[in-house]
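Read the structure below first, then the notes.
The values are calculated or read from the model by the stated rules, or taken from the named source; none is laboratory data. Computed from a prediction, not measured in an experiment: that's the story for all the values here. Using ideal geometry, Cβ is built from the backbone for each residue, glycine included, and neighbour counts are taken over all protein chains shown.
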Amino acid sequence: QAKHAGRNTFRFYQEAFTRSADARLSLESRLRRALEGDGFEMYYQPFVDVASGRIVGAEALVRLKPDGGPYIGPAEFIPLLEESGLIFELGTWVQRRVCRQGREWLDQGLDFERLAVNLSAEEVRRGGVVERLRDILAETGFPAAKLEIEITESGLIHRGAEALAFLHELKGLGVQLAIDDFGTGYSSLAYLKRFPVSKLKIDRSFISDLPDDHSDAQLTTTIIELARNLGLQVLAEGVETDAQRAFLAERGCDVYQGYLCSPPVAAAQFAERFLGASCQHWPARD
Ligand code: C2E
Ligand code: MG
Ligand code: MG
Ligand code: MG
């Protein structure tokens, strides 16, 4: 099972880097330098309440600081960090950075419901995630209830009982759990019922052709209903048009994130533009 996930990671990695072994080596040393120095930064993408437009929080997404090299996004470098075992180190930095930032905003009177961080299945596999997060929460004074941990379904369901125990331990810290990229993994309704998660994030691939694509419209509607029936919050990823937002509003989707409101932005910009604010929506024109 772990082997299977490993193979997927490897395939992804291979696709991204078959260009040349040189490119891989130079990216790997760039990533090592970034970890040792101050080479990463967090961007924040607003979570928008579908019905009201109110910003309720953000997903924190890691970026390599520009260093003269080409732009390389996390979809490319996370698999490499997973492969080389450096992902745990990055995860530690990300969680500490986000909790410190969140604490700062709260101290400045800038409130929000939650900040979300991504947790790699590879970090979970390595172990020590719960202890680390407990330490970081204590050290930063960030309220656990305002922290959301995003985990992809494929990272969990292969692991059965072990995954369930892990999620309960994590949940025991008082954080919120969300399933990321929902619909793309090996969905099983049985585990959804048992996992102590409070949110489903519908993968962008289901959203991008809304509202015209009939099967995507059906699937999205079904996922929203499923979430509601299970008492879970549901968020749509990658909302780019007002027609998509209107479709989701009509179906009762709770929250969205996407370029319609904003791409991920630097921390200062996020605080200035979005904390305590709303994303305006205009009635769709015909
Ligand atoms: P994700 O967690 O599913 O994050 C959502 C991705 O969708 C982000 O890409 C975001 O910029 C992008 N996105 C959001 N709205 C739109 C939209 O309207 N249109 C389009 N085309 N894209 C949109 P990003 O930041 O490049 O991150 C890619 C993936 O890398 C993330 O997917 C996540 O799996 C991983 N990742 C990012 N940051 C971290 C991190 O700090 N730790 C870990 N372990 N993984 C991370
Ligand atoms: Mg995510
Ligand atoms: Mg996602
Ligand atoms: Mg994704």
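Of all residues being out of contact with any strand residue (DSSP E or B) (no Cβ under 8 Å at 6 or more places or on another chain) and closer than 27 Å to Leu31 by Cβ in the stretch 104-127, which is nearest to ligand 4 (Cβ to nearest atom)? Just the residue, please. Even if it seems obvious, please write down each step before you answer.
First, the residues of the stretch 104-127 that are out of contact with any strand residue (DSSP E or B) (no Cβ under 8 Å at 6 or more places or on another chain): 104-111, 120, 122-123, 125-127.
Of the ones still in play, those that are also closer than 27 Å to Leu31 by Cβ are 104, 120, 122-123, 125-127.
Details: Glu104: 28, Ser120: 12, Glu122: 15, Glu123: 16, Arg125: 19, Arg126: 21, Gly127: 24 Å.
In this case the residue turns out to be Ser120.
On the stretch given as the stretch 67-84, residues that are within 16 Å of ligand 3 (Cβ to nearest atom) and within 12 Å of Phe40 (Cβ to Cβ) total 2. Residues in the stretch 235-259 that are free of Cβ contacts under 8 Å to residues at least 60 places away in the same chain, away from ligand 4 (no atom under 16 Å from the Cβ) and on the phi < 0 side of the Ramachandran plot: Thr241, Asp242, Ala243, Gln244, Ala246, Phe247, Glu250, Arg251.
Residue by residue, here is whether (1) at pLDDT below 95; (2) small (Gly, Ala, Ser); (3) over 19 Å from the mean Cα position of the chain (by Cα) holds:
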site	(1), (2), (3)
Leu200	no, no, no
Ser215	no, yes, yes
Ala246	no, yes, yes
Arg251	no, no, yes
Gln257	no, no, no
Leu260	no, no, no
Val265	no, no, no
Ala268	no, yes, yes
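Within the stretch 240-248, can one find any residue that is touching a strand residue (DSSP E or B) at 6+ places or on another chain (Cβ under 6 Å), buried (at least 20 other Cβ atoms within 10 Å of the Cβ) and within 20 Å of Glu148 (Cα to Cα)? Within the stretch 240-248, none of the residues are touching a strand residue (DSSP E or B) at 6+ places or on another chain (Cβ under 6 Å), buried (at least 20 other Cβ atoms within 10 Å of the Cβ) and within 20 Å of Glu148 (Cα to Cα). Applying the set (1) within 12 Å of ligand 1 (Cβ to nearest atom); (2) within 15 Å of the chain's Cα centre (by Cα); (3) over 20 Å from Glu139 (Cβ atoms) to Val117 leaves exactly one unmet item: (3).
Just to verify a result, which residue in the stretch 100-148, among those that are of a type in the set (S, T, N, Q) and not in a strand (DSSP E or B), is nearest to ligand 2 (Cβ to nearest atom)? Only one residue fits best here, namely Ser120.
Selection within the stretch 215-224: residues that are closer than 24 Å to Ile149 by Cα and touching a Gly at 6+ places or on another chain (Cβ under 8 Å). The member of this set that is surrounded by the most Cβ atoms within 10 Å (Cβ to Cβ) is Ile223. Checked against (1) surrounded by fewer than 18 Cβ atoms within 10 Å (Cβ to Cβ); (2) under 30 Å from Arg251 (Cβ atoms); (3) within 16 Å of ligand 4 (Cβ to nearest atom), Glu76 meets all criteria but (2).
Filtering the stretch 11-51 to residues that are among the hydroxyl-bearing types (Ser, Thr, Tyr), modelled with pLDDT under 95 and outside any helix (DSSP H, G or I) leaves Thr18, Ser20. Here is a check on your reading of the model: is Glu272 acidic (Asp, Glu), within 16 Å of ligand 3 (Cβ to nearest atom) and either in a loop (DSSP other than H, G, I, E, B) or within 24 Å of Met42 (Cβ to Cβ) (or both)? Criteria not met by Glu272. Would you check if Phe182 is within 18 Å of Glu59 (Cβ to Cβ), within 13 Å of ligand 1 (Cβ to nearest atom) and either among the aromatic types (Phe, Trp, Tyr) or in contact with a Cys (Cβ under 9 Å, 6 or more places away or on another chain) (or both)? Judged against the criteria, Phe182 is a match.
For the stretch 55-70, filtered to residues that are among the β-branched types (Val, Ile, Thr) and out of contact with any helix residue (DSSP H, G or I) (no Cβ under 8 Å at 6 or more places or on another chain), the residue that is farthest from Pro263 (Cα to Cα) is Val56.
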